[in-house]
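The values are calculated or read from the model by the stated rules, or taken from the named source; none is laboratory data. None of these values were measured; they are calculated from a predicted model. Cβ: placed from backbone, ideal geometry, glycine included. Neighbour counts: every protein chain shown. The area values use the complete protein model at the heavy-atom level, side chains included, leaving out ligands, DNA and RNA. Shrake-Rupley method; radii C 1.70, N 1.55, O 1.52, S 1.80 Å.
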Amino acid sequence: MALSLTIDSPRLEKQLGALAAISEAPPPVVTRVLFSDADRRGRSFVKDLCREASLQVSEDAVGNLFARWSGKESQLTPIATGSHIDAVPNAGRFDGVVGVLGALEAVRSLKSAGFEPRRSIEIIMFTAEEPTRFGMGCLGSRLLSGALSPEKAAALRDPEGKTLDLWRTEAGYGKRPLTSVRLARNCYAGFIELHIEQGPLLERERVAIGVVRIIAAPSTLRVRLVGTGGHAGAVLMPDRHDALLAGAEIALAVEQAALCSGSPDTVATTGAFRIEPGAVNSVPSGAWLEIDLRDVQLSTRDAALRQIETAVRDICQRRGVEFQLERLNADAPATCDPELIKTVLSVCDELDLSAREMISRAYHDTLFMARLCPTTMIFIPCRGGVSHRPDEYSSPDQIRDGVLVLAQSLARLGV
Ligand code: GLV
Ligand code: MN
Ligand code: MN
C-alpha cells in the first residue's frame, strides 16, 4: 500500500524560482558554472534548506554534498537519491535541480507523513555534472565511483590553464586530498535520480513517468589547433595555415561520423569552438574545439570516435596545422537495476500514473553511481523535450508526480 503523502508544490516551485535567480545571467537564463560565484551561492542555498529540514550535511573534497536523514537502524546500508545544480551557460531552471530540490521535498513529505525509515536516506548534490569548466561531465560522481583517478582529476585544467585543485581550494574544499572522495562499492543499497527527460517521448506519448533502464555512452574530445597567423590582407591564400578552417573541417567531419555510423542513436556535436586572435583582419592562428559523441552501443560509439580522430590527423596534415588531440573521456553505457526498475514501475502503478521504461540519451551522475550500487532514474516530461535552454519547462503537476514517485520508492527501499 502506498503511503498517503502530500507534496507541497507551491513550496517546491518557490524554491525552484529562488535557485533559478542565483545565476550568472539575467532571468530567465540560468548559468551556474562549477565554482563560479553563482554555483557557490546555489550550494549555500541548498545547504541551508537541507539544514532547515534537519538533515545532517557534509561535503567531500570536491564539493559533493551529502544530506542524511538517519534511519532507525543506522547500521543498515543507506539508500540515496540526488542530482546536480550546476548549469551550462544559457540553461533553464529544471535540469538537475528537480532531482535535488525534488529529493528534499520527497524527504519532507515522508517526514510530514510520520514515516520513519529503517535505513538512512541520503540526498547527494553532485559537483559539476555539467562539463562546462573542465570539459568533463560528472566530475563528482566520477571521483566517488573511482571512474576518474584523483591524480587525473587534480590535473584537469580549464581553458585558461587553471587546475581543478586550484579551483576547489579557492572554493573551500582544499583541506582534504581528492583521494578521500572515493566511496566503497555497495556503500548504498540503491540510488534513484529524479530528472526531467530532456527529450520529447513522454510528452508525445502522454506518459507521466519514464523509468530509465540504460544510459547512453558519452565521450568527449578536446582539440587544440596551432596554425599560422598573419595579416588578412597580406598573406596570400596558398600560403595560409588557417586554424579556424581546419577546425571548421573537423566540425563537419564530426557531423559525418554520426551521420554515417549506421545507427540512428549516434549523436555528435562540436559544442565549443574558440579562435585566436579573433580579429577580423587577422588570419586565425589558433583554435580550440570540444567534441561530444554518444551512442547506446559502445562499439558504434568507439568506431565513430576513431573516425573523428583519423579525420583530425588528415585535415591537419593537409592544411599544415599542428594539433593536440585529447580524449577527455570515453565512458561505457550504464545498465540500471531490474529490481529497482520494477519497484519504481509498481509505485507508478499504485499511484495510477502511466509509466514506461526508457533509454537516457543524456548522461547523468547515475551513469557513475551505477558502478557503486543498483540504480535507476525517474524521468518526468518536459515541454517539447527542450533542455539546456532558458525555455526548458516542466509543470508543477509533472514535477509533483515525479517527487511523489521518488518519495514512495524511497519509502519502499527504506523500510
Ligand atoms: C548532461 O547534461 C549531458 O550533457 O547529457
Ligand atoms: Mn544538463
Ligand atoms: Mn542534468
State whether one or more residues within the stretch 4-27 are modelled with pLDDT under 95, over 26 Å from ASN64 (Cβ atoms) and surrounded by fewer than 19 Cβ atoms within 10 Å (Cβ to Cβ).
yes
Count, please, the residues in the stretch 61-113 that happen to be of a type in the set (Val, Ile, Thr) and open to solvent by 10 Å² or more (accessible area, probe 1.4 Å).
2
List the pairs whose first member sits in the stretch 345-369 and is in a strand (DSSP E or B), whose second member is surrounded by fewer than 15 Cβ atoms within 10 Å (Cβ to Cβ), and whose Cβ atoms are under 8 Å apart, counting only residues at least 6 apart or on separate chains?
ALA355/ASP349; ARG356/GLU205
Would you check which residues across the stretch 146-160 are of a type in the set (D, E, K, R) and within 21 Å of SER36 (Cβ to Cβ) and list them?
ARG157, ASP158, GLU160
Filtering the stretch 330-367 down to residues that are of a type in the set (D, E, K, R) and within 16 Å of ligand 3 (Cβ to nearest atom), which residue is surrounded by the most Cβ atoms within 10 Å (Cβ to Cβ)?
ASP365
Quick count over the stretch 173-201, residues being away from ligand 3 (no atom under 16 Å from the Cβ) and surrounded by fewer than 22 Cβ atoms within 10 Å (Cβ to Cβ), is 16
Checked against (1) in a loop (DSSP other than H, G, I, E, B); (2) surrounded by fewer than 17 Cβ atoms within 10 Å (Cβ to Cβ), PRO390 satisfies every condition except (2)
Might you let me know whether the stretch 313-324 holds any residue that is assigned to a helix (DSSP H, G or I) and open to solvent by less than 30 Å² (accessible area, probe 1.4 Å)?
yes
Taking the stretch 198-224 on its own, how many of its residues are away from ligand 1 (no atom under 12 Å from the Cβ) and farther than 30 Å from PRO284 by Cβ?
15
Across (1) within 20 Å of the chain's Cα centre (by Cα); (2) under 29 Å from SER120 (Cα atoms), LYS175 clears everything bar (1)
I'd like the full set of residues that are more than 28 Å from GLN297 (Cα to Cα), assigned to a loop (DSSP other than H, G, I, E, B) and open to solvent by less than 20 Å² (accessible area, probe 1.4 Å), limited to the stretch 214-241.
GLY227
Hits in the stretch 95-135 - residues which are more than 26 Å from the chain's Cα centre (by Cα) and either of a type in the set (Asp, Glu) or within 16 Å of ligand 1 (Cβ to nearest atom) (or both):
GLU116
Selected residue [under 15 Å from ILE192 (Cα atoms) and of a type in the set (S, T, N, Q)] from THR310, THR335, THR300:
THR335
